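Visitor: Dropping the structure in here first, questions after.
The values are calculated or read from the model by the stated rules, or taken from the named source; none is laboratory data. All of these numbers come straight from a predicted model, not from anything done at the bench. Here the Cβ positions follow ideal geometry from the backbone for every residue, glycine too, while neighbour counts run over all protein chains shown.
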Amino acid sequence: MAQDQPSLPKLWLLSDERNDAKLEWAIATLPKRSAFVFRHYFLKPKQRQKRFDELLPIVRAGEHLLILADAIEVAADWGADGIYRRPTTMGKIDGMLRIATAHDAREIHHANRNGADALFLSPVFPTRSHPDGRCLGSTHFNDLAAHSAIPVIALGGMNAERAAELGCERWGAIDGLS
């Protein structure tokens, strides 16, 4: 991570269509200096930027990092602190965090090679987003995380109790935090 970039928070809230109505409350109740990943894939571009702009003051009031699921140029233009993307599509702008998504060893390799600052490794446990999807489980999660040269953030069915069971310092959630 570049010297002028902020340190990585332990707690990460991700947006989703399911938690949109509660986001103001969820962001405001996060511990100071947590992180918020704005995805909002369900909105059209103008509506998406409008929603981002509505949430921005709440995020800044909590001193949270704001990560945008989009191109790095868009994140810079909108005032985000970084991006959330597949590890093969990372751009680079000094001072911007690059958070990769990973689900297997190949994606972890790409994140390591492409200079991501951290990665979300998921899904660890069953989620409402993908109720019938294959999960990593604790053992496979820890085995994969050991291959990462960068910080790992556990995602998928996470809450504080599960993070403690995993021994994972950093974790994120949609439902578990909203």
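Visitor: Would you mind stating whether residue 113 is at pLDDT below 95, surrounded by fewer than 19 Cβ atoms within 10 Å (Cβ to Cβ), charged (D, E, K, R) and closer than 29 Å to residue 143 by Cβ?
Guide: yes
Visitor: Step by step: first the residues of region 131-178, then only those that are small (Gly, Ala, Ser) and touching a residue at least 40 places away in the same chain (Cβ under 8 Å), then the one that is nearest to residue 109 (Cα to Cα). Which residue is that?
Guide: Taking region 131-178 first, the residues small (Gly, Ala, Ser) are 133, 137-138, 145-146, 148-149, 154, 156-157, 160, 163-164, 167, 172-173, 176, 178.
Filter once more, keeping what is touching a residue at least 40 places away in the same chain (Cβ under 8 Å): 148, 172-173, 178.
On the way: 148: 7, 172: 21, 173: 23, 178: 31 Å.
Step by step, filter region 131-178, then rank; the result is 148.
Visitor: Right, here's the next one. For region 1-114, which helices (runs of 4 or more DSSP H) that fit wholly inside it have 2 or more residues that are in contact with a Pro (Cβ under 7 Å, 6 or more places away or on another chain) and either more than 23 Å from residue 173 (Cβ to Cβ) or of a type in the set (A, V, I, L, M, F, W, C) (or both)?
Guide: Hits in region 1-114: 105-113.
Visitor: On to the next question. Consider only pairs whose beta carbons are under 7 Å apart and that are at least six residues apart or on different chains; among these, list those whose first residue lies in region 115-130 and is among the polar types (S, T, N, Q) and whose second residue is assigned to a strand (DSSP E or B).
Guide: Going by the 7 Å Cβ cut-off, the qualifying pairs are 122/155.
Visitor: Give region 89-111 a look and list any residue that's touching an Asp or Glu at 6+ places or on another chain (Cβ under 8 Å) and either touching a residue at least 60 places away in the same chain (Cβ under 8 Å) or under 23 Å from residue 135 (Cβ atoms) (or both), or say none.
Guide: Matches in region 89-111: 94, 95, 96, 97, 99, 100, 101.
Visitor: May I pose another question? Search region 76-89 for residues being within 14 Å of the chain's Cα centre (by Cα) and not hydroxyl-bearing (Ser, Thr, Tyr), and hand back the single one that is surrounded by the fewest Cβ atoms within 10 Å (Cβ to Cβ). Lay out the reasoning, then the answer.
Guide: From region 76-89, those within 14 Å of the chain's Cα centre (by Cα) are 80-87; that's our starting set.
Still in the running and not hydroxyl-bearing (Ser, Thr, Tyr): 80-83, 85-87.
Working: 80: 25, 81: 20, 82: 25, 83: 28, 85: 23, 86: 14, 87: 22.
Ranking the candidates gives 86 first.
Visitor: Scan region 80-89 and give yes if some residue there is aliphatic (A, V, I, L, M) and more than 26 Å from residue 18 (Cβ to Cβ), otherwise no.
Guide: no
Visitor: For residues that are of a type in the set (Gly, Ala, Ser), within 30 Å of residue 95 (Cα to Cα) and assigned to a loop (DSSP other than H, G, I, E, B), tally how many sit in region 117-145.
Guide: Of the residues in region 117-145, 1 are of a type in the set (Gly, Ala, Ser), within 30 Å of residue 95 (Cα to Cα) and assigned to a loop (DSSP other than H, G, I, E, B).
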